[in-house]
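The values are calculated or read from the model by the stated rules, or taken from the named source; none is laboratory data. Treat the numbers as computed from the prediction; the structure is a model and nothing was measured. All Cβ positions, glycine included, derive from the backbone under ideal geometry; neighbour counts span all protein chains shown.
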Amino acid sequence: MAGHTNASMNAALKAKNDEFYTLLTDIEKEMRYYRKHFKGKIVLCNCDDPFESNFFKYFVLNFNRLGLKKLIATCYHTSPIVGQQLQYRYGKDGQMSFLFGDELDEKYSEKHPYKAVVTKVYDTSGDGGIDMLDVAELFKSGENELTELEGDGDFRSQECLHLLDESDIVVTNPPFSLFREYVAVMMEHKKHFIIIGNSNASTYKEVFPLIMQNRLWLGVTRSGTGSMWFRIMDDFPEKSGQKIENGIRYQTIGNSAWFTNLDVKKRHEELILVKRYSPENYPSYTNYDAIEVSKVADIPCDYSGMMGVPITFLGKYNPDQFEILGLSSTMAKPIDECVEPDAEYIKGGPRFYVKEGHKKYKRCYDRIVIRNKHPEPPKEVK
Ligand SMILES: C[S@@+](CC[C@H](N)C(=O)[O-])C[C@H]1O[C@@H](n2cnc3c(N)ncnc32)[C@H](O)[C@@H]1O
């Protein structure tokens, strides 16, 4: 019994830890780079309560500007925000009716997942602009569709997979704990996507090969550096990196990043390289045939061999300029096989090491191994 309770408590805690809500400004900042991709397309937000998610809000309010064909949003049954801004009930005639804003009523705060399908957005009130009240009105009038899902709204459920197959581009912030599964589903269903994840996910064994094969890359505005704030619920566990503004709680996640497989201009911008190679400044690894480049800004412009660079390189990666060959965690040879039996070094999983003194070796952070596709000729030594 105790095991059961622990398991359900862990599941509840895990679910809670997935409840981060993306801010509209962050969505706007990133989406502007993909504008040309949206015209005439069906966008799916499949981890998004239609009336709470800023992804839905962004796409519905920009529906005409982006020239979308359709917008679909579905939400998950455990989402704590379902029913906070929109409620619905069934009348005796079986018709669904909706309650919004001031009409909200505690007794109708049911938490059943639903799907929103939008095919038209216009100014229903005649006040000269489009807002969420117009969007709600279009659901009420039946011009757009709001229906209960049969299942729990899991993005892997059959009914959600049908919606996925119908759509062209998926845009959301999926639960971090299901990131691997989420990417696998996108790949299996051959979908274009723009999603948020933890930048550490880049090195997952399921994700990194996709990056190497140029089937997935980091987005523009957040690529693992700098912090991004998310709205959290009142019962979210207290942690460092939180703030409250106007009664709303926020959590920062320093290494959050956008992941996508839609091409953007920024991805083809050349990284300006100003440093030149010298063996003194770029030591070779003891347990791999590559040089150590500890900062992305220090990548030498004239080195044609393999280089180990920090993971943050992925935020600057231009596939026309560089080739990604692998990760130190899978490429490093066992250090004990490469050094003297009595050598000093910090032990751990596979990593690159550089010599830093007599029989002393420094363990490097995780590295990505890259090669410059068009290195400058080396400077002539006089
Ligand atoms: C990180 S939150 C982001 C919510 C929203 N996309 C946003 O960015 O504001 C992840 C959301 O996925 C939902 N979720 C959790 N597991 C899910 C699943 N298996 N299928 C679909 N949604 C899920 C959670 O309820 C939560 O609302």
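Got at least one residue in the range 154-175 being among the β-branched types (Val, Ile, Thr), buried (at least 16 other Cβ atoms within 10 Å of the Cβ), assigned by TED's automatic domain parsing to the domain that holds LEU23 and over 20 Å from the mean Cα position of the chain (by Cα)?
Looking for residues that are among the β-branched types (Val, Ile, Thr), buried (at least 16 other Cβ atoms within 10 Å of the Cβ), assigned by TED's automatic domain parsing to the domain that holds LEU23 and over 20 Å from the mean Cα position of the chain (by Cα), one finds none in the range 154-175, hence no.
Which residues, taken from the range 46-58, are near the ligand (Cβ under 7 Å from one of its atoms) and not in a loop (DSSP other than H, G, I, E, B)?
Answer for the range 46-58, where residues must be near the ligand (Cβ under 7 Å from one of its atoms) and not in a loop (DSSP other than H, G, I, E, B): ASN54, PHE55.
Tell me yes or no: at least one residue of the range 5-21 is in a strand (DSSP E or B) and at pLDDT below 95.
Yes, the range 5-21 contains a residue that is in a strand (DSSP E or B) and at pLDDT below 95.
Could you say which residue among ASN198, ASN261 is under 16 Å from the mean Cα position of the chain (by Cα), surrounded by 15 or more Cβ atoms within 10 Å (Cβ to Cβ) and within 16 Å of the ligand (Cβ to nearest atom)?
ASN198
Which ones in the range 211-239 are within 16 Å of the ligand (Cβ to nearest atom) and outside any loop (DSSP other than H, G, I, E, B)?
Matches in the range 211-239: GLY219, THR221, ARG222, MET228, TRP229, PHE230, ARG231, ILE232.
Please count how many residues of the range 154-172 are within 28 Å of TYR122 (Cα to Cα) and touching a helix residue (DSSP H, G or I) at 6+ places or on another chain (Cβ under 9 Å).
Number satisfying all stated conditions: 6.
Please give the number of the condition ILE370 fails out of (1) touching a residue at least 12 places away in the same chain (Cβ under 8 Å); (2) part of a strand (DSSP E or B); (3) farther than 23 Å from GLY219 by Cβ.
For ILE370, the exception is condition (3).
Which one is nearest to TYR204 (Cα to Cα), of the residues in the range 302-346 that are without any contact (Cβ under 8 Å) to a residue 24 or more places away in the chain and touching a strand residue (DSSP E or B) at 6+ places or on another chain (Cβ under 8 Å)?
This residue is ILE346.
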